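Encoded as structure tokens, the structure appears first; notes follow it.
Coordinate-derived values only; no laboratory data. This one's a predicted model, so the numbers in the text were calculated from it and none came from an experiment. Cβ placement follows ideal geometry from the backbone for every residue including glycine, while neighbour counts extend to all protein chains displayed.
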């Protein structure tokens, strides 16, 4: 590997969104780290781990008086219909079965997240624009026991 090849690779990584790349050519190896994106990537991993833990906690804590509304789509969570509108629900709001409580942005469409049960919003478990998958807990409701 010559110095020009290495400089070209450093330049490419610096202008990319890669956190780190390792290149091996004919037994020579070089690792290039993009500190700007490495820090961002590590922060996102930490945030993701916290959300995974929160998801497990929600599943474990749910009892007869709470209900968790989960995503039925894969995409990005949208708590309002657009960037200037107020969130569809806030902590303390009462929701009815069938109410739209959020959206999931998927392939340039806003797919509604519908409340399966009536209740009071106890907590919103994610932030606007967070990634969601099928079954990701989004909103925790307190419900009246029968």
| query | For labels at residue 105 and residue 130 in the simple 7 Å Cα→Cβ model, what's the distance in nm? | reply | 1.6 nm
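For residue 8 and residue 82, what does the FRET efficiency come to when R0 = 41 Å and r is the distance between their Cβ atoms, rounded to the nearest 0.05?
Given R0 = 41 Å and the Cβ-Cβ separation, E is 0.45.
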| request: Would you kindly work out the equivalent ellipsoid of region 100-142 from its C-alpha gyration tensor and give its semi-axes, the square roots of five times the eigenvalues, largest first in whole Å? | output: 19, 12, 8
| request: Report the extension gain between residue 66 and residue 25 in nm, rounded to one decimal, defined as 0.36 nm multiplied by the number of residues separating them, less their alpha carbon distance. | output: 9.1 nm
| task | Mind giving me the FRET efficiency for residue 143 and residue 74? R0 is 25 Å, r the Cβ-Cβ distance, nearest 0.05 is fine. | result | 0.40
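Quick one: order 11, 80, 71 by neighbouring beta-carbon count within 10 Å, fewest to most.
By the 10 Å Cβ count, ascending: 11, 80, 71.
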